[in-house]
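K.L.:
Here it is, the structure in full.
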Amino acid sequence: MKSFLVIAVAALALTGCAHHYKMTLTNGNSITTSGKPKLNKAGTAYRYKDLQGKESWISAGRVTEIEAQ
């Protein structure tokens, strides 16, 4: 029983960190990401990973909204 509880808590901890975000662009399109997009130090672009895990970036001027899914 004790090992089941440990496994259940570990499974919840690992799955609780994966959040999807939706970036809405100025042209009305949207991009769903597999983590929170990060703004670079210059404030000019967002770096993100798409749902397939591929890392990409987009100009910050093209993004109108970022919301958690």
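K.L.:
For Gly35, what residues show an amide H to amide H distance below 5 Å, using hydrogens built from the backbone and excluding near sequence neighbours?
P.N.:
Tyr21, Lys49
K.L.:
Can I ask one more? Would you mind counting up the charge near Gly35? Only other residues with Cβ under 13 Å from its Cβ, with Lys and Arg at +1 and Asp and Glu at -1. Before the final figure, lay out the partial values.
P.N.:
Details: positive: Lys22, Lys36, Lys38, Arg47, Lys49, Lys54; negative: Asp50, Glu55.
In short, +4.
K.L.:
Each label point is 7 Å from the Cα along the Cα-to-Cβ direction; what then is the distance between the points at Asp50 and Ala68, in nm?
P.N.:
2.5
K.L.:
Give me the extension gain from His20 to Ala60: residue separation times 0.36 nm, minus the current Cα-Cα distance, reported in nm with one decimal.
P.N.:
Values: separation 40, 0.36 × 40 = 14.40 nm, distance 1.86 nm.
Result for the pair: 12.5 nm of gain on full extension.
K.L.:
Can you return the lysines within cross-link range of Lys22? Criterion is Cα-Cα under 22 Å, with same-chain partners fewer than 8 residues away left out.
P.N.:
Here the lysines satisfying the reach criterion relative to Lys22 are Lys36, Lys38, Lys41, Lys49, Lys54.
K.L.:
First select every other residue whose beta carbon is under 9 angstrom from the beta carbon of Ile66; then total the charges, Lys and Arg +1, Asp and Glu -1.
P.N.:
For residues surrounding Ile66, the net value is 0.
K.L.:
How much net charge surrounds Trp57 when only the other residues with a Cβ under 12 Å from the Cβ of Trp57 are counted, with Lys and Arg +1 and Asp and Glu -1?
P.N.:
Here the charged neighbours net out to +3.
Any read-out appearing in this document is the output of simple, stated calculations on the displayed coordinates, not a laboratory observation. All of these numbers come straight from a predicted model, not from anything done at the bench. Cβ coordinates were reconstructed from backbone atoms using ideal geometry, including for glycine residues, and neighbour counts include every protein chain displayed.
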